[in-house]
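*Asks:* The structure that follows is given in the form of structure tokens.
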Amino acid sequence: MRAALIDKPFSVKFTHVSEPMITKANEVKIQTFVTGICGSEVHAFHGTHPFRIPPLVSGHEVAGVIIEVGSDVKDYKVGDRVTVEPHYGCGLCNLCKEGRYNICSQKLVLGAKDWSGSFGEFFVVPEQTVIKLPDNLSFEKGVLIEPIAVGMHAVRQSGLSVGQTVAIIGTGPIGLGVMLSAKMAGASKIIMTDALDFNLEVAQKMGCKYTINALKEDVFRKVLEITDGKGVDVTYIAFGNESTFADALKITKRGGAISEIAIVGVPVKIPISTLQLNEIRLYGSNMYTRIDFEIVRDAIANGDFDVEPLISKIMPIEEVEKAMKIVDKKLENVIKVLLKF
Ligand SMILES: [Zn+2]
Ligand SMILES: [Zn+2]
């Protein structure tokens with residue numbers, strides 16, 4: 001089959017690899033129509049991702065069509081337009097039994113070592129990960145359900161309630177997913193920060209009223225201005241480096257909460273006494289579960305979430321090398337680059 005293969009660090013090629021086959025009765029084989037390049041694919045490309053280790057066919061943001069089903073598959077049939085929730089747990093541990101399979105220690109993730117992903121023309125998944133796309137939802141928009149669902153999970157988990165104020169550090173696809181989800185949850189004011197004006201403009205286009213360029217403006221002062229001197233109820237960290245947590249603690253109001261979503265590869269110092277003195281709750285948020293996917297799918301399909309501005313570029317899979325360079329080196333202003341088979 002045709003595929004984009006990350007054969008070794010800093011090398012991705014369009015090539016042909018052997019096609020994955022259905023081996024279990026509960027499996028579904030899907031033909032990839034469109035797939036997205038996610039930050040974790042860039043980590044895989046760098047050879048720094050903990051479990052997406054080259055050589056591999058990565059890819060986990062996807063929309064396509066079912067071309068084969070195993071003998072036990074009941075809810076799906078050949079020809080169904082679908083996306084997938086690209087992970088599943090062991091099904092046996094207590095977390096899995098509680099529906100928290102996203103944090104199962106035995107969880108498998110699509111596009112990692114032993115599970116060939118959507119950078120290939122075909123891939124095989126267990127039935128429980130499949131999610132149908134309504135007819136009016138394009139494949140391109142269907143691909144975006146996954147990154148937006150990350151934000152939805154964080155918002156649902158943080159217990160954000162109607163009328164509360166929000167800050168989001170990082171205005172990439174995950175941060176923008178938090179923004180859409182926080183709006184749906186009834187946030188009164190949403191403030192987004194980033195170092196890139198292009199990203200902040202996209203946020204504005206998608207309905208975020210308050211944006212701050214962290215390189216050019218004083219984030220702390222501006223957040224206080226916007227929130228009448230209080231700070232925000234919840235800060236979401238959708239981009240993380242050494243100083244992000246200290247920044248988040250500064251702009252979060254007393255008794256507020258911080259949600260950590262970003263993959264941060266370095267140890268971070270936190271002024272922990274502020275957390276204690278101000279009774280700040282700290283949440284970690286890891287991917288999503290099915291309910292997040294379903295809410296986001298329906299919101300995109302019925303027009304509540306306009307995700308069109310997220311799609312910066314659609315390139316043929318043959319140009320994966322060029323596409324990866326654009327995303328990795330930020331050669332162009334892009335939020336999300338999609339690859340088409
Ligand atoms: Zn992703
Ligand atoms: Zn489990």
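The values are calculated or read from the model by the stated rules, or taken from the named source; none is laboratory data. Keep in mind the model is a prediction, meaning the values are calculated, not measured. All Cβ positions, glycine included, derive from the backbone under ideal geometry; neighbour counts span all protein chains shown.
*Asks:* One residue is enough: does the range 313-324 have a residue meeting the conditions within 19 Å of the chain's Cα centre (by Cα) and part of a helix (DSSP H, G or I)?
*Replies:* Scanning the range 313-324, I find at least one residue that is within 19 Å of the chain's Cα centre (by Cα) and part of a helix (DSSP H, G or I), so the answer is yes.
*Asks:* So, of the residues in the range 262-292 that are at pLDDT 95 or above and basic (Lys, Arg), which turns out to be surrounded by the most Cβ atoms within 10 Å (Cβ to Cβ)?
*Replies:* Of everything passing the filter in the range 262-292, Arg290 is surrounded by the most Cβ atoms within 10 Å (Cβ to Cβ).
*Asks:* Another one. Considering every residue within the range 165-185, establish whether at least one is loosely packed, with under 14 Cβ neighbours inside 10 Å and either basic (Lys, Arg) or farther than 26 Å from Tyr288 by Cβ (or both).
*Replies:* No, the range 165-185 contains no residue that is loosely packed, with under 14 Cβ neighbours inside 10 Å and either basic (Lys, Arg) or farther than 26 Å from Tyr288 by Cβ (or both).
*Asks:* Is it true that some residue in the range 21-29 is of a type in the set (D, E, K, R), assigned to a loop (DSSP other than H, G, I, E, B) and in contact with a Ser or Thr (Cβ under 8 Å, 6 or more places away or on another chain)?
*Replies:* Restricting attention to the range 21-29, the residues satisfying the condition of being of a type in the set (D, E, K, R) are 24, 27, 29.
Of the ones still in play, those that are also assigned to a loop (DSSP other than H, G, I, E, B) are 24.
Within this subset, residues satisfying the condition of being in contact with a Ser or Thr (Cβ under 8 Å, 6 or more places away or on another chain) are none.
Among the residues of the range 21-29, not one is of a type in the set (D, E, K, R), assigned to a loop (DSSP other than H, G, I, E, B) and in contact with a Ser or Thr (Cβ under 8 Å, 6 or more places away or on another chain), which makes the answer no.
*Asks:* Also, quick follow-up: Just to verify a result, which residue in the range 318-341, among those that are among the basic types (Lys, Arg) and closer than 21 Å to Glu308 by Cβ, is surrounded by the most Cβ atoms within 10 Å (Cβ to Cβ)? Outline the logic, then answer.
*Replies:* Applying the first criterion (among the basic types (Lys, Arg)) to the range 318-341 yields 322, 325, 329-330, 336, 340.
Now narrow it down to the ones that are closer than 21 Å to Glu308 by Cβ: 336, 340.
Working: Lys336: 24, Lys340: 15.
For the range 318-341, the residue satisfying everything is Lys336.
*Asks:* I'd like to check something: does the range 68-77 contain any residue that is in a strand (DSSP E or B), farther than 30 Å from Ala154 by Cβ and of a type outside the set (D, E, K, R)? Walk me through it before giving the result.
*Replies:* Initially, the range 68-77 is screened for residues in a strand (DSSP E or B), giving 68-69.
If we keep only those that are farther than 30 Å from Ala154 by Cβ as well, we get 68-69.
Among the residues that remain, those that are also of a type outside the set (D, E, K, R) are: 69.
Yes; the residues of the range 68-77 include at least one that is in a strand (DSSP E or B), farther than 30 Å from Ala154 by Cβ and of a type outside the set (D, E, K, R).
*Asks:* Can you confirm whether the range 119-133 contains a residue that is more than 16 Å from ligand 1 (Cβ to nearest atom) and at positive phi? Spell out how you get there, then give the answer.
*Replies:* So the first thing to find is which residues in the range 119-133 are more than 16 Å from ligand 1 (Cβ to nearest atom), and the list is 120-122, 124, 126-128, 130, 132-133.
This time we only want the ones that are at positive phi, so: none.
Checking the range 119-133: not a single residue is more than 16 Å from ligand 1 (Cβ to nearest atom) and at positive phi.
*Asks:* Suppose we filter the range 83-119 for residues that are in a loop (DSSP other than H, G, I, E, B) and either more than 8 Å from ligand 2 (Cβ to nearest atom) or in contact (Cβ under 8 Å) with a residue 24 or more places away in the chain (or both); how many remain?
*Replies:* 13
*Asks:* It is to be established whether one or more residues within the range 38-59 are modelled with pLDDT of 95 or more, among the charged types (D, E, K, R) and in the same structural domain as Val334 (by TED's automatic domain parsing).
*Replies:* For the range 38-59, residues modelled with pLDDT of 95 or more, among the charged types (D, E, K, R) and in the same structural domain as Val334 (by TED's automatic domain parsing): absent.
*Asks:* Any idea which of Tyr283, Tyr288 is in contact with a helix residue (DSSP H, G or I) (Cβ under 8 Å, 6 or more places away or on another chain), part of a strand (DSSP E or B) and closer than 21 Å to Ile148 by Cβ?
*Replies:* So the residue among Tyr283, Tyr288 that is in contact with a helix residue (DSSP H, G or I) (Cβ under 8 Å, 6 or more places away or on another chain), part of a strand (DSSP E or B) and closer than 21 Å to Ile148 by Cβ is Tyr283.
*Asks:* Still on this structure: Take Ala246 and decide whether it is modelled with pLDDT of 95 or more and either surrounded by fewer than 23 Cβ atoms within 10 Å (Cβ to Cβ) or hydrophobic (A, V, I, L, M, F, W, C) (or both). Spell out how you get there, then give the answer.
*Replies:* Details: modelled with pLDDT of 95 or more: no; either surrounded by fewer than 23 Cβ atoms within 10 Å (Cβ to Cβ) or hydrophobic (A, V, I, L, M, F, W, C) (or both): yes.
For Ala246, the condition - modelled with pLDDT of 95 or more and either surrounded by fewer than 23 Cβ atoms within 10 Å (Cβ to Cβ) or hydrophobic (A, V, I, L, M, F, W, C) (or both) - is not met.
*Asks:* Sticking with this one: Considering the range 206-235 alone, what residues qualify as being within 18 Å of Gly186 (Cα to Cα) and small (Gly, Ala, Ser)?
*Replies:* Scanning the range 206-235 gives Gly207, Gly231.
*Asks:* Now, a different point. Report the residue count in the range 1-29 for those that are polar (S, T, N, Q) and more than 18 Å from Gln128 (Cβ to Cβ).
*Replies:* Result for the range 1-29: 3.
*Asks:* While we're here: Could you check how many residues of the range 316-341 are farther than 18 Å from Ser138 by Cα and basic (Lys, Arg)?
*Replies:* Counting residues in the range 316-341 that are farther than 18 Å from Ser138 by Cα and basic (Lys, Arg) gives 4.
*Asks:* Which condition from (1) within 16 Å of ligand 2 (Cβ to nearest atom); (2) surrounded by 15 or more Cβ atoms within 10 Å (Cβ to Cβ) is the one that Gly70 breaks?
*Replies:* For Gly70, the exception is condition (1).
*Asks:* Oh, and also: Please go through the range 159-176 and give me each residue that is touching a residue at least 60 places away in the same chain (Cβ under 8 Å) and not β-branched (Val, Ile, Thr), ordered by number.
*Replies:* Those that are touching a residue at least 60 places away in the same chain (Cβ under 8 Å) and not β-branched (Val, Ile, Thr): Gly159, Leu160, Gln164, Ala167, Gly170, Gly172, Pro173, Gly175, Leu176.
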